[in-house]
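All remarks here apply to the structure that follows.
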Amino acid sequence: QVQLSESGGGLVQAGASLRLSCAASGRTFSSYAMGWFRQAPGKAREFVAAISSGGGTYYTESVKGRFTISRDNAKNTVYLQMNNLKPDDTAVYYCAGRPNGGQTTVRGLYDYWGQGTQVTVSS
């Protein structure tokens, strides 16, 4: 069983930056594909970014050039650096883990989820 715990959310103004962190328990983190999803009020949870066990990355179009996903396997942590934040980025952000799998945008293919961290961007 893997436990994921997000941190780093907050209230910022448009144009600001935040870095989200997701700490994972367990000794096999390096073999996991990890993803970030977000859910705005009244909307479905949507894919944001993913990173494979080998470090390959993929982003949803709306965050390309602004967000960067990365991982530190020594610290069992995945990060989401978010720059030039916009009000539309306001949501609860969740990290997700997929053991022994490649990166994917499909929510249902992730086995483990964190509790989420709120990001609010004011205009």
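Using a probe of 1.4 Å, the accessible surface attributed to residue 60 totals some 40 Å² when neighbouring protein chains are kept in position. Compared with the alpha-carbon gap, the fully stretched path from residue 109 to residue 75 is longer by 9.8 nm at 0.36 nm per residue. Contact order, relative form, for the chain: 37 percent (alpha carbon pairs under 8 Å, 6 or more residues apart, mean separation divided by residue count). Cβ-Cβ distance of residue 27 and residue 123, R₀ of 30 Å, FRET efficiency by 1/(1 + (r/R0)^6): the value works out to about 0.10. For residue 52, neighbours were defined as the other residues whose beta-carbon sits under 14 Å from its Cβ, and their charges (Lys and Arg +1, Asp and Glu -1) total +2. Within the shell defined by Cβ-Cβ distances under 13 Å, the residues around residue 28 carry a net charge of +1, with Lys and Arg each +1 and Asp and Glu each -1.
May I ask you to derive the FRET efficiency for residue 14 and residue 57 from their Cβ-Cβ distance with R0 = 25 Å, giving the value to the nearest 0.05? Before the final figure, lay out each step's value.
Details: r = 25 Å, r/R0 = 0.99.
Using R0 = 25 Å, I get an efficiency of 0.50.
Summing charges over neighbours of residue 82, with a neighbour being any other residue whose Cβ is under 9 Å away from its Cβ, gives +1 when K and R count +1 and D and E count -1. At a 1.4 Å probe, what is the % contribution of carbon and sulfur to the accessible area of the chain? Carbon and sulfur atoms account for 45 percent of the accessible area of the chain. Shown here for segment 39-123: trypsin sites (Lys or Arg not before Pro) in loop regions (DSSP other than H, G, I, E, B) with at most 11 other Cβ atoms within 10 Å, namely 43, 64.
The alpha-carbon of residue 64 sits under 13 angstrom from the alpha-carbons of these aspartates and glutamates, leaving out residues fewer than 8 places away in its chain: 89.
Mind checking the dipole of the chain: about its Cα centre, +1 per Lys or Arg Cβ, -1 per Asp or Glu Cβ, Debye to the nearest 20? Don't jump to the answer; show the numbers that get you there.
Numbers: 12 positive and 7 negative charges, 17 e Å.
Rounded to the nearest 20 debye, it is 80 debye.
Using a Förster distance of 22 angstrom, determine the FRET efficiency expected from the C-beta separation of residue 2 and residue 86, and round it to 0.05. That pair, residue 2 with residue 86, gives E of 0.10.
Taking every protein chain into account, the accessible area of the chain amounts to 49 square angstrom per residue (probe 1.4 Å). Close amide H pairs (under 5 Å, H built 1.01 Å from N) link residue 67 with 83, residues at least 5 positions away or on another chain.
The values are calculated or read from the model by the stated rules, or taken from the named source; none is laboratory data. Quick caveat: nothing in here was measured; it's all calculated off a predicted structure. Cβ atoms come from the backbone with ideal geometry, glycine included; neighbour counts cover every protein chain shown. These accessible areas exclude ligands, DNA and RNA; they are computed on the full protein's heavy atoms, side chains included. Shrake-Rupley method; radii C 1.70, N 1.55, O 1.52, S 1.80 Å.
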